[in-house]
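Please treat every number below as a calculation from the coordinates, not as lab data. Everything numeric in this text was worked out from a predicted model, so none of it was measured. In this analysis, Cβ positions are derived from the backbone assuming ideal geometry, glycine residues included, and neighbour counts consider all displayed protein chains.
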Amino acid sequence: MHIRDWPVLERPREKLLARGAATLSDAELLALFLGSGLRGQDAVATARNLLAAHGPLRTLLERSSTDLAKLPGIGPARACQLSAALELCNRYLAAGLERGEALTDPGAAGRYFSQRLRGHPQEVFAALFLDTRHRALAFEELFRGTVDGAEVHPREVVRRALAHNAAAIIVGHNHPSGSSEPSAADRAVTARLKQSLALVDIRLLDHFVIGDGAAVSLASRGWV
């Protein structure tokens, strides 16, 4: 049965308009980007097969646009659309930080770090540089490591903060293992960074650890 033969409120597009995007399943959301399915399948069936073979959704979307283009039912045009959608999400989250939400809504910064760092296969340490009103100036990935860790150099963090004329920074890194629990090494690095930045009158506001679940804030645990 073609999607146009489904009951109206069960069709992904109509369902979204009537009930909101949150009511759609992963396959239905993906089907909206596909538009049509492989021969003999509707778009939702093709989306379900893609998720079953190459998913779950996060794993599928973390592929490069080149890799996505090779998957059945996607191709170059749809791969570009999916990659563009993810970048739109990045910029949407960043827009909130540009309004100063990094301080008034710490969760916004945690979501932004999660979106930017979660897909990396190795550990990546990044910094969000902020002005005196805690609006975002720049986001930089500063250090990369293996699956086991990244060596963080406080001197380089201070140097980049001064280059951006930052008044404060938030840092974060991912744990490729999926665990977002901060380690003893994470706490030690945070303490060294805080001390180094304080010497040049720059505040360290938070350090986020990114795993499979919600970002963990070291500030919320009193460790910043």
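Please report the spacing between the Cα centers of the range 1-31 and the range 148-224 in Å, no decimals.
42
With both bridge residues required to lie in the chain, what share of the DSSP beta bridges run antiparallel, to the nearest 5%?
Working: 15 of 22 bridges.
Percent antiparallel among DSSP bridges in the chain is about 70.
What do you get for the angle between helix 154-163 and the principal long axis of the chain? Use alpha-carbon atoms, 0 to 90 degrees, nearest ten.
Helix 154-163 sits roughly 80 degrees off the main axis of the chain.
Return an integer: the convex hull volume of the alpha-carbon atoms of the chain, in Å³ per residue.
Details: hull volume 29.6 nm³, N = 224.
Looking at the chain, the number lands at 132 Å³ per residue.
How much mean residue ellipticity at 222 nm does the chain get from its helices, if each DSSP H run of length 4 or more adds -39500 (n - 2.57) and you divide by all residues, to the nearest 500 deg cm²/dmol? Write down the numbers at each step before the final one.
Values: 10 runs with 104 residues, N = 224.
Calculated mean residue ellipticity at 222 nm is -14000 deg cm²/dmol.
Calculated FRET efficiency, L9 and S177, Cβ-Cβ r, R0 41 Å, to nearest 0.05? Could you put the intermediate results ahead of the total?
Working: r = 42 Å, r/R0 = 1.02.
Step by step, r from the Cβ atoms, then E = 0.45.
Given Cα pairs under 8 Å that are at least 6 residues apart, what percent is the relative contact order of the chain? If you can, show how the numbers build up before the last one.
Values: 362 pairs, mean separation 29.3, N = 224.
Result for the chain is 13 percent.
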